[in-house]
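Here the structure comes first, spelled out in structure tokens, and everything after it is commentary.
The values are calculated or read from the model by the stated rules, or taken from the named source; none is laboratory data. What you see is a predicted model; the values in this text were computed from it and never measured. Cβ atoms come from the backbone with ideal geometry, glycine included; neighbour counts cover every protein chain shown.
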Amino acid sequence: MYVAVKGGDKAIENSLRYLADVRRGDRRVPELTVQQIREQLPLAVDRVMTEGALYDPDLAALAIKQANGDIQEAVFLLRAYRTTLPRFGASQAIDTGAMQIRRRISATYKDLPGGQILGPSFDYTHRLLDFTLAANGETPEAPKSEEPVADGMPRVADILDHEGLIELDLPDDEDGPVPDLTRDSVTFPADRATRLQNLARGDEGFLLALGYSTQRGFGNNHPFAGEIRMGELAITFEPEELGFEIEIGEITVTECQMVNQFKGSAKVPPQFTRGYGLTFGHCERKAMSMALVDRALRAKEFGEEITAPAQDEEFVLYHSDNVEASGFVQHLKLPHYVDFQGELVTVRELRKEIEAREAAELTDDDELAAAE
Amino acid sequence: MSITQEAQPWQAPEHDKPVEQVEGYNFAYLDEQTKRMIRRAILKGVAIPGYQVPFGSREMPLPYGWGTGGMQVTAAVIGKDDTLKVIDQGADDTTNAVNIRRFFAKTAGVATTEKTADASLIQTRHRIPEKPLTDAQILIYQVPIPEPLRWVEPRETETRKMHALEEYGVMHVSLYESIARFGRITTAYNYPVQVNGRYIMAPSPIPKFDNPKMHQMAALQLFGAGREKRIYAVPPYTDVKSLDFEDHPFTIQSWEENCALCGAKDSYLDEVITDDAGGKMYVCSDSDYCAERREAGHVGDQGEPQSPAKKGGAE
């Protein structure tokens with residue numbers, strides 16, 4: 001046929017087979033297993049679970065494999081799967097104060113009850129390529145601490161709470177329905193629960209850039225990393241027919257509490273305000289960015305002037321989702337030749353008119369010249 | 001030197017191979033509760049022609065922007081006895097149309113067709129079929145940006161207010177600006193319409209050529225915008241007026257050429273580049289309309305007379 005973009009069944013089928021072939025790569029190299037991805041690319045798995053809004057390391061690892069390592073594509077795969085799952089209800093709210101800590105640091109206190117627990121982090125690495133990894137060197141096991149991590153590990157924000165130095169963090173309405181942005185379309189102004197849901201699913205790169213922009217003066221709110229903690233938490237659920245809570249599993253989460261300056265208003269004395277970030281797994285950069293943007297989006301609540309993109313909830317909430325963004329940007333690949341034809345007709349008509357006018361003016365000039 | 005691509009006569013696309021139905025998913029993919037939610041939104045849309053109803057759009061296994069809204073509407077209204085036609089740019093054989101048609105063949109096991117007249121449901125992107133539709137048919141549009149006021153006002157909070165108050169002055173101003181600058185309204189597609197004398201509506205990016213077909217159409221017209229989470233509708237036999245001015249009445253595209261294959265003068269034409277030296281030909285964008293005309297014996301400048309028995313496979 002003469003139109004390249006038109007393709008039948010066969011072309012699509014062949015494209016799919018080519019894609020699968022590229023995924024497998026050189027057959028002399030052993031194939032990656034889903035278990036290997038889950039165990040050895042854990043941060044990729046965590047990011048896919050967070051933005052895919054589904055806690056399932058095995059499925060996230062499968063998605064990464066199926067997506068040839070394209071993280072956003074893997075997020076999309078997980079979302080498309082998630083949307084088909086039945087909903088049994090909402091779990092009980094988690095208490096991050098009860099977390100089995102693996103990492104907990106605070107930038108606002110040198111030492112604090114429970115101490116600073118570094119955990120696994122890139123923060124203290126030198127970014128030098130490690131050629132022993134390329135040579136398949138075996139990694140020794142990490143040493144174990146002789147004493148267990150302290151049981152009581154109060155959240156930094158709770159410490160400030162005792163003095164009334166930080167705004168109270170009260171849930172909207174504990175008995176009220178939990179908004180679910182995957183079931184209802186967002187309306188504006190959006191409540192904070194909806195905003196946080198959106199940010200939790202939002203693209204890490206987008207939130208990173210927005211959070212960064214607030215630090216550079218576009219909606220600055222003078223943040224301190226009050227606390228970042230990462231570890232395991234039990235999830236409990238109360239089935240209606242049982243009437244009591246049962247534990248249904250354990251998840252890893254990363255939480256970031258940003259503590260921000262606030263000068264106070266007519267109603268409230270000066271105190272610190274909060275920005276909150278929470279992700280599945282270990283996604284520290286995302287949790288911190290989310291906390292910055294959450295605080296920026298609360299501008300109206302504190303009577304702050306809205307001047308920057310990060311403070312603009314329509315701007316942030318409508319553009320944070322990478323599944324939506326990626327689809328719409330890439331839909332430009334779809335054929336648009338009908339509309340383009342419409343534009344061609346219009347441009348040709350406009351040009352014809354201008355040419356006709358110019359020709360007429362030239363003739364007028366000639367006639368004038370002849371008359372003189 | 002010029003490269004000449006041989007302009008081959010149009011051939012009927014290879015009929016989709018029978019598609020195996022997938023297990024483990026509900027009929028037409030979406031669960032029944034979701035379908036009910038979408039049907040409620042559709043009913044509201046039909047009751048308030050042209051009004052954009054927010055709905056809990058789901059992630060579909062196709063990317064946003066590729067017809068997820070249309071697919072959700074189709075999934076909500078399709079039944080076992082329906083016959084589905086899917087077109088993109090007016091053609092049944094464009095990759096996206098093939099993909100969506102296969103999706104429903106796979107998940108709903110319904111009959112599919114490329115014949116406009118044989119379809120009970122037609123999902124479309126960017127075109128309305130040339131053949132007039134009947135009141136036994138439903139036309140489902142895929143919509144990228146449902147808000148006609150979006151280009152004059154980026155904020156949803158504002159545009160919703162403008163619709164509520166019927167505050168459409170800015171729209172006319174923007175059309176007037178086009179006239180002031182170019183001497184005409186230069187919007188070639190997604191040309192705004194007013195439905196039932198009330199809501200201004202985006203007809204989706206169909207060429208303005210198709211706008212008059214929406215007016216008093218016998219078929220129910222449903223619009224689905226998945227990413228933007230909006231559904232709207234035009235009930236059968238409803239007034240749909242393209243915005244214009246008394247001294248600058250609405251006009252549609254026209255061509256000096258006819259379809260090179262079937263000779264049609266009255267259909268929307270695509271321009272096909274045949275070589276790198278400016279050579280081109282025009283063919284119907286509606287592939288079924290063109291095929292039907294050729295079967296009926298119409299031949300364009302570059303078409304081949306067709307015997308009805310001949311059925312070829314397209315690559």
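Figures for the structure shown
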item	result
Residue in segment B:57-67 that is farther than 22 Å from A:V323 by Cα and either more than 11 Å from every other protein chain (Cβ to nearest Cβ) or surrounded by fewer than 24 Cβ atoms within 10 Å (Cβ to Cβ) (or both) present	no
Residue in segment B:218-247 that is surrounded by the fewest Cβ atoms within 10 Å (Cβ to Cβ), counting only those that are within 14 Å of chain A (Cβ to nearest Cβ) and part of a strand (DSSP E or B)	B:S242
Residue match in segment B:79-87 (condition: among the basic types (K, R), more than 11 Å from chain A (Cβ to nearest Cβ) and crowded, with 23+ Cβ neighbours inside 10 Å)	yes
Qualifying residue in segment A:309-316 (condition: closer than 30 Å to A:A44 by Cβ and surrounded by fewer than 22 Cβ atoms within 10 Å (Cβ to Cβ))	yes
The listed residue being outside any helix (DSSP H, G or I) and in contact (Cβ under 8 Å) with a residue 40 or more places away in the chain, out of A:G89, A:G69	A:G89
Filtered residues of segment B:261-292 (kept if buried (at least 22 other Cβ atoms within 10 Å of the Cβ) and more than 23 Å from B:Y189 (Cβ to Cβ))	B:L261, B:C262
Matching strands (runs of 3 or more DSSP E) fully within segment A:197-298 where at least 2 residues are polar (S, T, N, Q)	A:246-260, A:273-280
Qualifying residue in segment B:19-28 (condition: touching a Ser or Thr at 6+ places or on another chain (Cβ under 6 Å), within 8 Å of chain A (Cβ to nearest Cβ) and within 23 Å of A:T182 (Cβ to Cβ))	yes
Number of the exception - A:L118 against (1) without any contact (Cβ under 8 Å) to a residue 24 or more places away in the chain; (2) surrounded by fewer than 10 Cβ atoms within 10 Å (Cβ to Cβ)	(2)
Residues of segment B:128-155 satisfying the condition of being surrounded by fewer than 20 Cβ atoms within 10 Å (Cβ to Cβ) and either of a type in the set (K, R) or outside any loop (DSSP other than H, G, I, E, B) (or both)	B:K131, B:R150, B:R155
Scan of segment A:305-322 for residues that are touching a residue at least 40 places away in the same chain (Cβ under 8 Å), more than 14 Å from chain B (Cβ to nearest Cβ) and not in a helix (DSSP H, G or I), ordered by number	A:T307, A:A308
Residue within segment B:90-108 that is over 14 Å from B:Y29 (Cβ atoms), surrounded by fewer than 18 Cβ atoms within 10 Å (Cβ to Cβ) and of a type in the set (A, V, I, L, M) present	no
Check on A:E167, within 26 Å of A:D111 (Cα to Cα) and touching a residue at least 60 places away in the same chain (Cβ under 8 Å)	yes
Verdict on B:P63 being closer than 18 Å to B:F104 by Cβ and either in a strand (DSSP E or B) or modelled with pLDDT of 75 or more (or both)	yes
Tally, over segment A:4-53, of residues that are within 30 Å of B:T274 (Cβ to Cβ) and not β-branched (V, I, T)	11
Boolean, A:V156 is farther than 24 Å from A:Q311 by Cα and either touching a His at 6+ places or on another chain (Cβ under 7 Å) or not charged (D, E, K, R) (or both)	yes
Test result for B:Q72, assigned to a helix (DSSP H, G or I), within 12 Å of chain A (Cβ to nearest Cβ) and crowded, with 18+ Cβ neighbours inside 10 Å	yes
Any hit, segment A:21-31, residues being within 14 Å of another protein chain (Cβ to nearest Cβ), closer than 24 Å to A:G205 by Cβ and in contact (Cβ under 8 Å) with a residue 12 or more places away in the chain	no
